[in-house]
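First the structure, in the form of structure tokens, and then the observations on it.
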Amino acid sequence: MKLKFTKMHGLGNDFLVLELVTQNFDLTPELIRTWGDRRTGIGFDQLLIVRPPSNPETDFRYQIFNVDGTEAQQCGNGARCIAKYVTHARLTIKKSLRMDAPSGIVNTSILEIAVDSPNTSIVRVDMGIPCTKPSVIPFLTDEPAVQYAVDIGSQEIEFVPLSMGNPHAVVIVDDVNDAPITEWARMLQTNDRFPEGVNVGFMQIVDRQFVHLRVVERGVGETLACGTGACAGVVAGRLLGKLDDRVQVSLPGGKVRVVWQDESSIVEMIGPATWVYDGELRI
């Protein structure tokens with residue numbers, strides 16, 4: 001059989017997108033790992049599956065799988081790409097969508113086509129209300145706080161744990177290019193206090209409205225961009241009193257804008273989603 005797919009990316013965070021609205025196929029973790037291999041397969045950070053809605057109040061349902069075959073709860077760059085994909089694939093003509101993600105309902109709006117790239121759309125995503133409750137993240141602690149510290153050898157790393165539908169730990173650093181992010185990320189991701197693992201973001205604050213960010217994602221490694229990581233970084237900075245409510249986040253793959261007012265507000269992210277090519281898999 002032939003299975004149609006689309007390759008997309010959000011600031012270099014790349015995806016293989018499959019629609020199982022008009023197609024039928026049973027996925028396995030082994031197939032995901034095979035397709036995800038950048039030398040012998042197609043190569044991607046995550047696989048996005050678009051399905052018919054299970055909720056009558058939504059337009060579509062989607063799933064996210066990491067390249068190692070594990071399922072993720074949320075992906076901000078993926079949500080933007082799905083919003084563009086369903087119009088590209090002519091599954092809908094709507095520019096504003098309400099979709100059912102593993103972490104809950106996600107609202108998206110295509111704002112415009114990028115002037116310098118007709119294959120790129122600028123998409124706004126309502127990423128939901130962040131959660132700092134340890135049992136939800138999940139993060140094991142006896143004393144809830146905004147910021148925590150762990151000892152790594154002779155060093156102490158301070159971080160802010162929170163959930164954007166998936167677990168994040170945000171570490172403030174002086175320079176994202178000098179910080180030992182591979183070592184520190186591994187230490188945090190294997191720490192027993194994060195029983196489901198964690199995405200680790202390293203954020204350099206330039207001023208109250210601009211930051212640099214690098215993110216090491218669980219099940220993937222460092223990516224060129226992480227949408228939920230960008231949101232988590234701004235939330236952490238706001239909780240620490242270091243950032244304003246509108247922040248431009250510069251990632252290795254490009255920039256997104258994140259808006260967050262307070263702990264009762266939805267996080268809004270605006271950034272690009274780019275179509276790369278369409279293809280077919282022979283199964």
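The values are calculated or read from the model by the stated rules, or taken from the named source; none is laboratory data. For clarity, every value in this text was computed on a predicted model and none was experimentally measured. Cβ coordinates were reconstructed from backbone atoms using ideal geometry, including for glycine residues, and neighbour counts include every protein chain displayed.
If you go through the stretch 132-161 and keep only what is of a type in the set (D, E, K, R) and in a loop (DSSP other than H, G, I, E, B), you end up with Lys133, Asp142, Glu143.
Yes/no matrix, rows are residues, columns are (1) hydrophobic (A, V, I, L, M, F, W, C); (2) out of contact with any Phe, Trp or Tyr (no Cβ under 8 Å at 6 or more places or on another chain); (3) at pLDDT 95 or above:
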| position | (1), (2), (3) |
| --- | --- |
| His9 | no, no, yes |
| Gly12 | no, yes, yes |
| Leu27 | yes, no, no |
| Arg33 | no, yes, yes |
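Can you find a residue in the stretch 164-173 that is assigned by TED's automatic domain parsing to the domain that holds Trp260 and either touching a Lys or Arg at 6+ places or on another chain (Cβ under 7 Å) or without any contact (Cβ under 8 Å) to a residue 12 or more places away in the chain (or both)? Write out each step before concluding.
So in the stretch 164-173, the residues assigned by TED's automatic domain parsing to the domain that holds Trp260 come out as 164-173.
Imposing the further condition that a residue be either touching a Lys or Arg at 6+ places or on another chain (Cβ under 7 Å) or without any contact (Cβ under 8 Å) to a residue 12 or more places away in the chain (or both) reduces the set to none.
No, the stretch 164-173 contains no residue that is assigned by TED's automatic domain parsing to the domain that holds Trp260 and either touching a Lys or Arg at 6+ places or on another chain (Cβ under 7 Å) or without any contact (Cβ under 8 Å) to a residue 12 or more places away in the chain (or both).
Here is the figure for the stretch 212-247: residues that are charged (D, E, K, R) and under 15 Å from Trp184 (Cβ atoms) total 4.
Among the residues of the stretch 102-131, those that are part of a loop (DSSP other than H, G, I, E, B) and out of contact with any helix residue (DSSP H, G or I) (no Cβ under 7 Å at 6 or more places or on another chain) comprise Pro102, Ser103, Ala114, Val115, Asp116, Ser117, Pro118, Asn119, Gly128, Ile129.
Would you confirm whether or not the stretch 121-134 contains a residue that is in contact (Cβ under 8 Å) with a residue 24 or more places away in the chain, out of contact with any His (no Cβ under 6 Å at 6 or more places or on another chain) and over 30 Å from Val173 (Cα atoms)? Yes, the conditions are met somewhere in the stretch 121-134. Is there a residue in the stretch 96-106 that is farther than 23 Å from Leu224 by Cα, without any contact (Cβ under 8 Å) to a residue 24 or more places away in the chain and either surrounded by 16 or more Cβ atoms within 10 Å (Cβ to Cβ) or not assigned by TED's automatic domain parsing to the domain that holds Leu20 (or both)? Taking every residue of the stretch 96-106 in turn, none turns out to be farther than 23 Å from Leu224 by Cα, without any contact (Cβ under 8 Å) to a residue 24 or more places away in the chain and either surrounded by 16 or more Cβ atoms within 10 Å (Cβ to Cβ) or not assigned by TED's automatic domain parsing to the domain that holds Leu20 (or both).
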